[in-house]
1. Considering only protein heavy atoms, with the full assembly of protein chains and a 1.4 angstrom probe, order Leu78, Leu46 by accessible area, largest first.
2. For the chain, with all protein chains present and a 1.4 Å probe, just round the carbon and sulfur fraction of the accessible area to a whole percent.
3. Would you pull out the residues with amide H under 5 Å of Arg24's amide H, same chain only if 5 or more places away, H placed 1.01 Å from N?
4. Under a 5 Å amide H to amide H cut-off, with H placed in plane at 1.01 Å, what residues pair with Ala3 once short-range neighbours are removed?
5. With everything on Cα atoms, drop me the angle between helix 32-51 and the longest principal axis of the chain, reported from 0 to 90° to the nearest 10.
6. Once amide H atoms are placed 1.01 Å from N in the peptide plane, what residues at a sequence separation of 5 or more from Ser73, or on another chain, have their amide H within under 5 Å of its amide H?
7. If N is the number of residues in segment 15-82, what value comes out of its Cα radius of gyration divided by 2.2 N^0.38 Å?
8. Before I look further, what does the chain give for accessible area per residue, probe 1.4 Å, in whole square angstrom?
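The values are calculated or read from the model by the stated rules, or taken from the named source; none is laboratory data. Values in this document were obtained by computation on a predicted structure and should not be read as measured data. Each accessible area value is taken on the protein alone, full model and side chains, heavy atoms only, with ligands, DNA and RNA left out. Shrake-Rupley method; radii C 1.70, N 1.55, O 1.52, S 1.80 Å.
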Amino acid sequence: MQALCAPTENSADVKCPICSKGFRLFWERTSKPDQLAALPEILKHLRAHHDEGTEHPETAFNVPSWSGNPEFSGAALLGGAY
Ligand SMILES: [Zn+2]
């Protein structure tokens with residue numbers, strides 16, 4: 001399922017396993033088991049930023065990647081990110 005990751009200085013839901021930058025997570029679905037099941041995918045995505053030699057985006061981004069504006073993704077709208 002889709003999640004929106006928003007960089008945050010405090011109250012992080014998840015931290016990058018490599019640089020420990022914190023992110024808040026907004027979920028498309030509220031089911032905890034679904035969210036837990038999706039966490040490995042999010043950590044993989046955060047690691048991939050480093051594998052690609054790029055920085056984490058300064059702005060919110062979706063996992064899995066979403067071609068549209070992150071503000072209009074299901075995770076952003078249903079998760080109440082904006
Ligand atoms: Zn990182």
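1. Leu78, Leu46
2. 52 percent
3. Sorted by chain and number, the residues that satisfy this are Ala6, Thr8, Asp13.
4. HN-HN under 5 Å from Ala3: Val63.
5. Its long axis makes an angle of about 30 degrees.
6. none
7. For segment 15-82, the normalised Cα radius of gyration comes out at 1.10.
8. 62 Å²
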